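Everything below concerns the one structure shown next.
Each value in this text was obtained by applying a stated rule to the coordinates, not by laboratory testing. None of the values given here were measured: they were computed from a predicted structure. So basically every Cβ, Gly included, is an ideal-geometry build from the backbone, and we count neighbours across all protein chains shown.
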Amino acid sequence: MNINTHTHSPVGPRGGRCVHRGGHPDAGPWFRLLDRDRRLLSLLAEHKVLTTDQIAALEFASVRRAQDRLRKLREMGMLFAFRESLEGGGTSQTRHALGYPGARLIAAQRAQKPPTPAAYALSLERLACSPTLGHRLGVNDFFCTLAAHRNPARHHRLATTIPVQGLTQWWSEKQCTDTFWTTISGNDQLRPDGYGCWEQDCRTVRFFLEYDTGTESLKIVTAKLDAYQSFPTDNFGILLFSVHSARRETGLRTALRHALGSFDPGLVIATTTRDLCHPDGVAGPVWALWTDASGDIVTDRLRLADLPERGPQVTHHSHIGQPYNEAAFDYHAPGIRSLFRPRKS
């Protein structure tokens, strides 16, 4: 795989490259950023990489406008961009990560120690060359499809006093492993690909996501159920499986029946296939509940909002550091710790 990068260092007042020097802070770029720029940097700090189309779906009225703004952010050094050369010619869509100046500003905003330039450069190289990059982009695309329903450039009604709806929590795998664990020692974490909260029509559906690309055997996929059954999953949400094809979904549902039999799994499971196309994306009627009696072939599909409600009821709050987390909860908050039942040692 060849990686084409087209990132820019910020240009100084005399046309030279502006490089941060210890003892000479410069927070000026932060105040040249728009609110949507800051939201984007916060998202990239947590979710690492987004494509141009994903960013456009989140914040812009068109892909062209997104491209224009992203170019300016690269020139400021806020973003690092790269593309993959494809066999047969051409390149992949541009992927965007935090540039080093952007990472420093986010660290300053959060009162955290910034990474060293060398360490951060290495992390970007590892991200660009990671064999799991496609999976990460797929997971982020799932959540971006949901977050797009709140795009302020396309949904002006959101500027009114209407309560926040749509995607109100978006946690990465790292946040999940920091919060959810299956043993009291904290050494055995639950590792979903993401955790979210979808609110629509006065319903709140919290969910754990397993995003399947077909590279693992179904035996390995269903083996993940052990961790969900060891954890009080039903206290926090339902388990969603997103697979790449209808055939894979049928195979998964068969594998679930073999793995679980007629026993109550202790949690709600729903499946979908990315073969399905609906104007509302994964928020639409693309989900099929799994039970031992539901069969391997899907006949009924539900909207995400119509799936069973599970998890804590949390009053919305403003989360400055990370967008799409109005419904996020704190482990130490009243009523939350009690949801973590005693875990096996």
Looking only at segment 163-306, where both bridge partners belong to it, what percent of the DSSP beta bridges are antiparallel (to the nearest 5)?
65 percent
Helix 35-47 vs. the chain, principal-axis angle (Cα, 0 to 90°, nearest 10)
60 degrees
Given the chain, what count of lysine pairs have C-alpha atoms under 28 Å apart, with each pair 8 or more places apart or on different chains?
11
Dipole check, the chain, charges on Cβ (K,R +1; D,E -1), about Cα centroid: among Phe263, Met76, Leu252 the Cα furthest to the positive pole belongs to Met76
One finds, for Asp201 and Leu86 with R0 = 51 angstrom and r their Cβ-Cβ distance, a FRET efficiency to the nearest 0.05 of 0.75
In what sequence do Tyr211, Tyr331, Tyr195 fall when counting other Cβ within 10 Å, fewest first?
Tyr331, Tyr211, Tyr195
Sorted largest first, extent of the chain alpha carbons per principal axis (Å):
72, 54, 44
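Which of rounded, prolate or oblate describes segment 72-133 when judged by the alpha-carbon gyration tensor and an a/c cut-off of 1.5? Spell out each step's value before the answer.
Working: a/c = 3.16, a/b = 1.89, b/c = 1.67.
Taking the square roots of the gyration eigenvalues as a ≥ b ≥ c, segment 72-133 is prolate.
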Antiparallel DSSP beta bridges within the chain, as percent of all bridges there, nearest 5
75 percent
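Using 0.36 nm per residue, how much length does the chain from Asp280 to His135 gain when fully extended, once their Cα-Cα distance is taken away? Before the final figure, lay out the partial values.
Numbers: separation 145, 0.36 × 145 = 52.20 nm, distance 2.19 nm.
So the extension gain works out to 50.0 nm.
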Would you kindly state how much longer the chain becomes between Asp292 and Leu339 on full extension, computed as 0.36 nm times their sequence separation minus their alpha carbon distance, in nm to one decimal?
14.3 nm
Anisotropy class of segment 23-182 from Cα gyration tensor, a/c 1.5 cut
rounded
Charges only on Cβ, +1 for Lys and Arg, -1 for Asp and Glu: so what's the dipole of segment 209-345 about the Cα centre, in debye to the nearest 20?
340 debye
Binned at 10 Å from 0, what are the whole-percent values of the Cα-Cα distance distribution for segment 163-287, short to long?
12, 42, 37, 9, 0
For the chain, with only Lys/Arg (+1) and Asp/Glu (-1) charged at the beta-carbon, what is the dipole magnitude about the Cα centre, in debye rounded to 20?
1240 debye
Neighbour count of at most 12 Cβ within 10 Å plus DSSP loop: longest GluC sites (Glu not before Pro)-free window in the chain
217-345
Which residue, Thr52, Thr215, Thr272, tops the fluctuation ranking in a GNM of the chain built on C-alpha contacts under 10 Å?
Thr215
Ala121 and Gln229 label points (each 7 Å along its Cα→Cβ direction) are spaced in nm at 5.0 nm
Most mobile of Arg247, Arg150, Arg301 in a GNM of the chain (Cα contacts under 10 Å)
Arg247
Of Gly321, Gly89, Gly284, which is the most mobile in a GNM of the chain whose springs link Cα atoms less than 10 angstrom apart?
Gly89
